[in-house]
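Peer 1: Before we start, here is the structure in question, set down as structure tokens.
Laboratory data are not the source of any read-out in this text; all were calculated from the coordinates shown. Here the structure is a predicted model, which means the values were calculated and not measured. Heads up, the Cβs are rebuilt from the backbone with ideal geometry, glycines too, and the neighbour counts pull from every protein chain shown.
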Amino acid sequence: MNDRTPLNQPTLIQPDRGQAATALHLVDKASFAAWQKARTAGQRAILAAQKFEGAAGDVAILPDGDGWFAAGGVADCAALTSWCLAKLAETLPGGTYRLAEGEAGKALHGWVTGQYRFDRYRKDATGGEPRVLLTRDAKAIDPALAEAAAVTMVRDLVNTPAEDMGPAQLEAEARALAKAHHAQIHVFAGDVLERDYPMVHAVGRAAARSHAPRLIELVWGDPKHPRVAVVGKGVCFDSGGLDIKPSSGMALMKKDMGGAAHALALAGLIMRAGLKINLHLLVPAVENAISGNAFRPGDILRTRQGMSVEITNTDAEGRLVLGDALARASEDKPELVIDFATLTGAARVALGPDLPAMFARLDGTAGALLRAGLERDDPCWRLPLHDGYREYLKSDVADIMNSHANGFAGSSVAALFLDRFVGEGIDWVHFDTFAWRPSAKPGRPKGGEALGLRAAWGLLLDRYGQPA
């Protein structure tokens, strides 16, 4: 995978070999009084002036002879989270640092992601001098950088506007991954797409030729290893189609390919780590545009699986392109299918922007995902695949309709639609993710965001073993 760590610096975390570095003291409220007492009178005065009391997110810089050291407040020094060092990484001067005591553990992640900037379109773009953290735990460096690079990839792809991040650009990203990891890649477009992936073609056919629809397929790994399919919704811009969105609803629709960004990033993690699975990546890449040949409410679409779908809302297009992709994934009898999609506003109403809705057929898989998300500070929340709501998708004229009219359980009903395209008996997980952060937090700037990615990666590591 191309390096996507901030400032193109793969060395934001380095092995500690005794090189010169500024000390970082981590303090929580419980330890603050004792730690403050051990400081000099002058340092205590400076702490008071900077209003440093060991609260999470507090930062102070203190003189120390001819030099200086820094202090950072954390919630609990004994249980660092991914974000404990992020504020320090964002605000300290450029240079090299080491913790005065202990190791950063999973807080290495926030040290890197806290230095992320999306400045592709800014004339005054400057990242400044990077902040480098030294660690004695050399084995933790590569995994931390890999996860941070995957998150950065999602952010970069989602933040890029649709004119520069259309189906062709998603294809280019997939081709770069395939080249880097010696994977096989196939792209289906034009007449072949219309024949073999008719719903992908129908949704994307109204777009300009430069943003023509396609189905991107990448295969990697030993066929003898367990087959795992990763599928990502790649709607590069969603106007709503003929059921057009209001302008306010289109404002963030460059991010509607966030599922594809997650899928590409997860595939990169898998291949970079050499995980012992047979990876099958599928990205249906389209723009849901408006023109004379746009698909219409009332149309009945063919599908790769063979069902017919009545279109009751052209703005429920993501489930259509995913349906064909999930049907293709199921044909090879995978052991596990994971899909990511910015699918429903209903999931955001239910869970807000921070928590991706997670649906799983198997309780064991759902539980493992919930645990992996908590371990990696990437929590998700399970919502139900309730059989009683399947009737909401009944059609009078086709096998199924794409959108129900009563407004109830929108994210569950969308997931039930997808469930119809996943083969019987396959362990399947669906993430309905926002892929966006509406306001900044330490290590997590406003804009495109990976939500559910690290949880899914944790599940794969737990299930298929740590890479050698």
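Peer 1: Mind giving me the nanometre distance, one decimal, between the label points for A41 and D66, set 7 Å out from Cα along Cα→Cβ?
Peer 2: With each label point 7 Å from Cα toward Cβ, the separation is 2.6 nm.
Peer 1: Using label points projected 7 Å from each Cα along Cα→Cβ, tell me how many nm separate A33 and I290, to one decimal.
Peer 2: So the label points at A33 and I290 sit 6.5 nm apart.
Peer 1: How far is helix 141-159 tilted off the main Cα axis of the chain, in degrees rounded to 10, range 0 to 90?
Peer 2: So the inclination is approximately 50 degrees.
Peer 1: Any chance you could run the full-extension gain for A208 through E194? It's 0.36 nm times the residue separation minus the Cα-Cα distance, nm to one decimal.
Peer 2: 3.4 nm
Peer 1: Right, something else. Short version: ³J(HN,Hα) in whole Hz for each residue of the stretch 81-93, in order, from phi by Karplus 6.51 cos²θ - 1.76 cosθ + 1.60 (θ = phi - 60°), x for Gly and Pro, what are they?
Peer 2: In residue order, the calculated couplings are 9, 4, 10, 5, 9, 5, 4, 4, 5, 6, 10, 5, x Hz.
Peer 1: Quick one: if you stick a label point 7 Å off each Cα along the C-beta vector at D332 and F408, how many nm between them?
Peer 2: About 4.0 nm, to one decimal.
Peer 1: Starting from the amide H of W436, placed 1.01 Å from N in the peptide plane, find each other amide H under 5 Å away whose residue is 5 or more places distant or on another chain.
Peer 2: E449
Peer 1: Only one of the values (i) 46; (ii) 40; (iii) 53 was calculated from this structure for percent of Cα pairs over 30 Å apart; name its label.
Peer 2: (i)
Peer 1: A follow-up question, please. Enumerate the calculated ³J(HN,Hα) couplings along the stretch 339-356 in order (Karplus 6.51 cos²θ - 1.76 cosθ + 1.60, θ = phi - 60°), each rounded to whole Hz, writing x wherever the residue is Gly or Pro.
Peer 2: Result, ordered by residue: 10, 10, 7, 7, 9, 9, x, 4, 5, 6, 4, 6, 10, x, x, 7, 10, x Hz.
Peer 1: Enumerate the calculated ³J(HN,Hα) couplings along the stretch 172-188 in order (Karplus 6.51 cos²θ - 1.76 cosθ + 1.60, θ = phi - 60°), each rounded to whole Hz, writing x wherever the residue is Gly or Pro.
Peer 2: With the stated coefficients, the stretch 172-188 comes to 4, 5, 5, 5, 5, 4, 4, 5, 5, 10, 6, 9, 8, 9, 9, 10, 10 Hz.
Peer 1: What FRET efficiency comes out for S395 versus I244 if R0 is 30 angstrom and r is the Cβ-Cβ distance? Round to the nearest 0.05.
Peer 2: It comes to 0.85.
Peer 1: Same structure, new question: To the nearest 0.05, what FRET efficiency results for H186 and A79 with a Förster distance of 51 Å applied to their C-beta separation?
Peer 2: Between H186 and A79 the formula returns 0.65.
Peer 1: Express in nm, to one decimal, how much length is gained between A56 and I300 on full extension, taking 0.36 nm for each residue of separation and deducting their alpha carbon distance.
Peer 2: So the extension gain works out to 82.3 nm.
Peer 1: Per DSSP helix of 4 or more residues, -39500 (n - 2.57); summed, then divided by the residues of the chain. What does that give at 222 nm, rounded to the nearest 500?
Peer 2: Only helices count here, giving -9500 deg cm²/dmol.
Peer 1: Angle check, please: helix 363-375 long axis (alpha carbons) against the longest principal axis of the chain (alpha carbons), in degrees 0 to 90, nearest 10.
Peer 2: With both axes taken from Cα atoms, the answer is about 30 degrees.
Peer 1: Quick one: net charge of A125's neighbours, Cβ under 12 Å, K/R +1, D/E -1?
Peer 2: Within the 12 Å Cβ shell, the charges total +2.
Peer 1: Enumerate the amide H contacts of D64 below 5 Å, restricted to partners 5 or more residues apart or on another chain; note that Pro and chain-start residues carry no placed amide H.
Peer 2: Distant-sequence amide H within range of D64: F69.
Peer 1: Ok, one more. For Q19 and H225, what does the FRET efficiency come to when R0 = 41 Å and r is the distance between their Cβ atoms, rounded to the nearest 0.05?
Peer 2: 0.50
Peer 1: Out of residues 5 or more away from K441 or on other chains, whose amide H comes under 5 Å of its own, with H placed 1.01 Å from N in the peptide plane?
Peer 2: K446
Peer 1: Summing +1 for each Lys or Arg and -1 for each Asp or Glu, what net charge is found among the other residues whose Cβ lies under 14 Å from the Cβ of T314?
Peer 2: Once positives and negatives cancel, what remains is -4.
Peer 1: May I ask you to list the chymotrypsin sites (Phe, Trp or Tyr not before Pro) in the stretch 74-129 that are in a DSSP loop and have at most 15 other Cβ atoms within 10 Å of their Cβ?
Peer 2: For chymotrypsin sites (Phe, Trp or Tyr not before Pro) across the stretch 74-129 that sit outside H, G, I, E and B with at most 15 neighbouring Cβ atoms in 10 Å, the list reads Y121.
Peer 1: Next question, about the same structure. Which distance in Å, rounded to a whole number, links the C-alpha centroids of the stretch 8-46 and the stretch 227-262?
Peer 2: Taking the Cα centre of each part, the stretch 8-46 and the stretch 227-262 sit 43 Å apart.
Peer 1: Here's something else I'd like to know. What relative contact order, as a whole-number percentage, does the chain give when Cα pairs under 8 Å and 6 or more residues apart are counted?
Peer 2: Relative contact order, the chain: 16 percent.
Peer 1: Let me ask something else. Roughly how many Å is it from the Cα centre of the stretch 364-433 to that of the stretch 318-350, as a whole number?
Peer 2: Value for the Cα centre distance between the two parts: 9 Å.
Peer 1: What does the charge count around D332 come to, taking other residues whose C-beta lies under 12 Å from its C-beta (Lys +1, Arg +1, Asp -1, Glu -1)?
Peer 2: Here the count lands on 0.
Peer 1: When you count, for each residue, the other Cβ atoms within 10 Å and take the mean per peptide, how do 319-325, 173-179, 225-231 rank with the highest first?
Peer 2: Ranked by mean Cβ neighbours within 10 Å, highest first: 319-325, 225-231, 173-179.
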